[in-house]
Amino acid sequence: MAGTVLRDRGSRLLKRLDRWIGIPLVALLGLTRARRRALPDRILTIGILETAAIGDTTLLTAVVSDLRSAYPTAKLTLFVGNSNWGVAQLVSEISEVVLLVPIKNIMSACACVRRQHFDLFLDFGPWPRINALIAHFANAEYKVGFKTPGQFRHYVYDSAVEHLHTQHELENLRDIVRAVGVRTHHQPSFPENVGRDDIPGHLRPPTHYVVFHLRSGGYRSHMKEWPLERWLELGKNLSNQGVSIALTGAPAESDKNEDVIARARTEFGMTNWTNCAGATIEQTIAILRRSLLTVSVDTGVMHLAATVGVPVIGLHGPTSPKRWGAVGRCVTAIASPQSKCGYLRLGFEYPQQCDCMQAIPMELVLGHCTRILKSTPCPMICESGSA
C-alpha cells in the first residue's frame, strides 16, 4: 500500500487536539446555526467525507452505489485522507476524489472542501470532530452526519443520525443515506477489472497459495495481532497440504515479513513463502483475487479480500465480527472465546492489557482453513465468541 497510508491514523496528538479543541469549537459553531434546513428538492451535487481507513472506505462502496442509483446524474465528490486515498481511487461511481493533505491542517482542509458547492453533504466519520468542523464550513445546502454517544460532534448537521454500536458499521453507514430517503440494497464491491492485471514478478506468489495478513494499522494495532508462533504453525500445516503462503503488508512491514519468512525457512524448512508487502492497493487486490484463501487480522486487507469475493477468515479479538466483520459471500469470522473481548466500539477504547488474540487457538483456525480449501462453494460461518 502507499507509503503514506498510516501517516494520520493512530496519531495521539491528532486525537488529543481533536477532542480538546474540537468539542468546544463544534458546540460553539452549532449554537451559531440559525436553524436546521430542509432537504433540497433537487440534488445534483453530493459531497462525501470519509477521511480514514481502508476497511471503512471499502464498506462505503456499498453506500456509494446506493447513492448513484438514487441520483444517477449527480456529481459525487469524495474527500479522503492519506490512509484511504488509494482505495478511494477504485470507487467507480465517484465523479471526483479529493485528497485533504494534511487532514490535521484544519484550515486548509476546510478551505479545500469549501471551494465547491453541494446540494447535499454527507459526513461518514463516527467520531472525529475535525470531520464535523469540515462539514460545518462546507458550502452545502443540507448536511448529514453522525450523532455518536460521548463524541459531542452532531451540532453542525441539518440531520444527525444515531451511530449505534449494536449494529454492523455497514448499517451505520447506510443509515446516513437512509436519512435522505435513499434505498440501500447494494453490497460492498469494486469494478470487475480492478485487480485483474498481472502481479509484478517480485511480488508474485507461486500458484496455489493462501494469503496471510499478520498486522493491523492505527492506534494500538499490536493488540489486534495474533501470536507469530501460531502463524508459523498454521503455515507449516497448510504447506503440508500443498499450498504456498503469501504475506501481505504495508511497505514498512516488508522487513518484518522477511524475518517471518526466515524463521519459516530455518525452523520448518519451508521455502514456499513470498513477501508481498509494499504492493499498491490494486496489486494487493490482484494478489487477493488469485488466492485460495485469505487469513487476516481485522484490518483493511480483510475487507478488501471479502469484497472481491475470495474466501476470508477474519481473526477478531478486541473487535466483534458482528460489529466490524468483513462483508462478503464467503467470510468466516473467528472471535476470541474470552467473554470480555469484542469491546471496541469506535476503535480506540483499549484497556491497558489485552490478551484476546492470544486466546484464539491455532487448531480452530487450521480447521476452518482445511474445510475451506476442501469445499466448493465455501459456506459462510461466524464463530461464536465475544460479540
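The values are calculated or read from the model by the stated rules, or taken from the named source; none is laboratory data. Small disclaimer: the values here were computed from a predicted structure and weren't measured. Quick reminder, even Gly has a Cβ in these numbers, built from the backbone with ideal geometry, and neighbours come from all protein chains shown.
One line per residue, one yes/no per condition, for (1) touching a Pro at 6+ places or on another chain (Cβ under 6 Å); (2) in contact (Cβ under 8 Å) with a residue 12 or more places away in the chain; (3) within 17 Å of residue 278 (Cβ to Cβ):
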{"position": "218", "(1), (2), (3)": "no, yes, no"}
{"position": "227", "(1), (2), (3)": "no, yes, no"}
{"position": "233", "(1), (2), (3)": "no, yes, no"}
{"position": "244", "(1), (2), (3)": "yes, yes, no"}
{"position": "251", "(1), (2), (3)": "no, yes, yes"}
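Looking at residue 326, is it within 24 Å of residue 91 (Cα to Cα) and assigned to a loop (DSSP other than H, G, I, E, B)?
Values: within 24 Å of residue 91 (Cα to Cα): yes; assigned to a loop (DSSP other than H, G, I, E, B): yes.
Against the criterion (within 24 Å of residue 91 (Cα to Cα) and assigned to a loop (DSSP other than H, G, I, E, B)), residue 326 qualifies.
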*Those residues of the stretch 131-147 which are in a helix (DSSP H, G or I) and either without any contact (Cβ under 8 Å) to a residue 40 or more places away in the chain or farther than 15 Å from residue 112 by Cα (or both), in sequence order*: 137
_For the stretch 248-272, which positions are surrounded by 19 or more Cβ atoms within 10 Å (Cβ to Cβ), within 26 Å of the chain's Cα centre (by Cα) and either outside any loop (DSSP other than H, G, I, E, B) or not assigned by TED's automatic domain parsing to the domain that holds residue 205 (or both)?_
253, 257, 260
*Inspect all residues belonging to the stretch 324-339 and state whether any of them is closer than 29 Å to residue 244 by Cβ, out of contact with any strand residue (DSSP E or B) (no Cβ under 8 Å at 6 or more places or on another chain), buried (at least 24 other Cβ atoms within 10 Å of the Cβ) and outside the structural domain of residue 148 (by TED's automatic domain parsing).*
no
_Scan of the stretch 266-282 for residues that are out of contact with any Pro (no Cβ under 7 Å at 6 or more places or on another chain) and polar (S, T, N, Q), ordered by number_ = 266, 271, 275, 280
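To keep it simple, each residue is scored yes or no on (1) in contact with a helix residue (DSSP H, G or I) (Cβ under 9 Å, 6 or more places away or on another chain); (2) under 19 Å from residue 174 (Cα atoms).
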site	(1), (2)
54	yes, yes
61	yes, yes
86	yes, no
105	no, no
112	yes, no
142	no, yes
149	no, yes
*Considering only the stretch 292-314, how many residues are touching a Cys at 6+ places or on another chain (Cβ under 7 Å) and within 17 Å of residue 231 (Cβ to Cβ)?*
4
*Being closer than 15 Å to residue 270 by Cβ and outside any helix (DSSP H, G or I) is the filter here, so list the residues in the stretch 194-242 that pass it.*
205, 206, 208, 209, 210, 212, 240, 241, 242
_Condition first: of a type in the set (Gly, Ala, Ser) and either touching a residue at least 60 places away in the same chain (Cβ under 8 Å) or over 19 Å from residue 39 (Cβ atoms) (or both). Now tell me which residues in the stretch 148-173 satisfy that._
150, 159
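Rundown of residues vs (1) more than 23 Å from the chain's Cα centre (by Cα); (2) outside the structural domain of residue 90 (by TED's automatic domain parsing); (3) modelled with pLDDT of 95 or more, yes/no style:
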{"site": "168", "(1), (2), (3)": "no, no, yes"}
{"site": "171", "(1), (2), (3)": "no, no, yes"}
{"site": "186", "(1), (2), (3)": "no, yes, yes"}
{"site": "196", "(1), (2), (3)": "no, yes, no"}
{"site": "214", "(1), (2), (3)": "no, yes, yes"}
{"site": "240", "(1), (2), (3)": "yes, yes, no"}
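Of the residues that make up the stretch 307-314, is at least one touching a Pro at 6+ places or on another chain (Cβ under 8 Å) and touching a residue at least 40 places away in the same chain (Cβ under 8 Å)? Write out each step before concluding.
Restricting attention to the stretch 307-314, the residues satisfying the condition of being touching a Pro at 6+ places or on another chain (Cβ under 8 Å) are 307, 314.
Pick out the ones that are also touching a residue at least 40 places away in the same chain (Cβ under 8 Å) and you get 307.
Yes; the residues of the stretch 307-314 include at least one that is touching a Pro at 6+ places or on another chain (Cβ under 8 Å) and touching a residue at least 40 places away in the same chain (Cβ under 8 Å).
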_Residues of the stretch 87-146 satisfying the condition of being basic (Lys, Arg) and at pLDDT 95 or above_ = 114, 115, 143
*Run down 292, 238 and say which single residue is under 17 Å from residue 365 (Cβ atoms), surrounded by fewer than 19 Cβ atoms within 10 Å (Cβ to Cβ) and hydrophobic (A, V, I, L, M, F, W, C).*
292
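Residue by residue through the stretch 198-217, note down the ones that are farther than 22 Å from residue 311 by Cβ and surrounded by fewer than 19 Cβ atoms within 10 Å (Cβ to Cβ). Walk me through it before giving the result.
Here is the first cut: in the stretch 198-217, the ones farther than 22 Å from residue 311 by Cβ are 198, 200-202, 217.
198, 200, 201, 202, listed by residue number.
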*Among (1) over 21 Å from residue 61 (Cβ atoms); (2) touching a Leu at 6+ places or on another chain (Cβ under 6 Å); (3) not hydrophobic (A, V, I, L, M, F, W, C) - the single one residue 272 does not satisfy*: (2)
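Could you check the stretch 36-77 and list, in sequence order, the residues that are assigned to a loop (DSSP other than H, G, I, E, B), among the charged types (D, E, K, R) and buried (at least 18 other Cβ atoms within 10 Å of the Cβ)? Full working, then the answer.
Going through the stretch 36-77, the residues assigned to a loop (DSSP other than H, G, I, E, B) turn out to be 36-44, 50-53, 71-74.
Then keep just the ones that are among the charged types (D, E, K, R); that gives 36-37, 41-42, 50.
Hit for the stretch 36-77 is 50, nothing else.
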*Report, by residue number, each residue of the stretch 270-281 that is farther than 16 Å from residue 206 by Cβ and either hydroxyl-bearing (Ser, Thr, Tyr) or in contact with a Lys or Arg (Cβ under 9 Å, 6 or more places away or on another chain) (or both).*
277, 280
